[in-house]
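Right, one structure below, let's go through it.
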Amino acid sequence: MAKSGKEKKAPEPFWKRKRLEEMTRPEWESLCDGCAKCCLVKLEDEDTGEILYTDVVCSLLDCEACACTDYPNRSVRVPTCVTLTPENLAELDWMPETCAYRLIRDGQDLPWWHPLVSGEKESVHLAGISVRGKVVSEEDVADEELDGRIVSWPHYDAKEPYEGA
């Protein structure tokens, strides 16, 4: 059967055609790749203002699943937990460079390992982007130990695409 040349193109994914403030709640929530880097305890260098990441995470984080154990109540239980919105995202320079919200905000596309692109929830972990296997809970670390727990890996790029990506 001959093609007519008028094949319909699939619509672009919502993150390419909508601004963050135009997204539905389910679309907004689906942008989270599940890396849990936003749950890392961060320190600010008093001299330079630079944000430094530690390998310590919020006590509500399930370190294996990279998910909050009380997502609906997180901001009540942890007053320093920030609920991301399109309105406050511009102010949050501490969001990791790999964060989908930050990427979309800055006019970039989602990377190959993002579950919305790969179609696989585990791709963020297989790519080495998430905190899985790299962190400890803040319950196990004294505040005075945080300076010695500063890490640079949250800034690293993903491993090459894995089989199946």
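Derivation of every value follows stated rules applied to the coordinates shown; laboratory data play no part. Treat the numbers as computed from the prediction; the structure is a model and nothing was measured. Neighbour counts run over all protein chains shown; Cβ positions are idealised from the backbone, glycine included.
A few points about this structure:
- Farthest toward the positive end of the dipole of the chain, out of V57, P115, V41, is the Cα of P115, where the dipole comes from beta carbon charges about the Cα centre.
- Isotropically averaged projected area of the chain, using the convex hull of Cα atoms (one quarter of hull area), nm²: 12.9 nm²
- J(HN,Hα) series, region 135-150, from Karplus relation 6.51 cos²θ - 1.76 cosθ + 1.60, nearest Hz, glycine and proline x: 10, 10, 6, 5, 5, 9, 10, 6, 3, 6, 8, 4, 4, x, 10, 6
- For V151, the amide hydrogen comes within under 5 Å of the amide hydrogens of Y53, T54, D55, counting only partners 5 or more places away or on other chains and with H modelled in the peptide plane.
- Each of S30 and D47 was given a label point 7 Å from its Cα along the Cα-to-Cβ line. The distance between the two points is 4.7 nm.
- Here the 3J(HN,Hα) profile of region 15-23, calculated from phi with Karplus coefficients 6.51, -1.76 and 1.60 at θ = phi - 60°, is 6, 8, 10, 10, 7, 3, 6, 8, 6 Hz, Gly and Pro shown as x.
- Simple label model, 7 Å out from Cα along Cβ direction - E139 to R77, nm: 1.0 nm
- Rounded to the nearest 500, the 222 nm mean residue ellipticity of the chain from helices alone is -3000 deg cm²/dmol, with -39,500 (n - 2.57) taken per DSSP H run of at least 4 residues.
- Full extension of the chain segment joining I150 with E120 gains 7.8 nm, where the gain is 0.36 nm per residue of separation less the Cα-Cα distance.
- Residues I150, I129 in ascending order of nearby Cβ atoms (within 10 Å, fewest first): I150, I129.
- Qualifying trypsin sites (Lys or Arg not before Pro) in region 8-40, where qualification requires a DSSP coil assignment and no more than 15 other C-beta atoms within 10 Å, comprise K8, K9, K18, R19.
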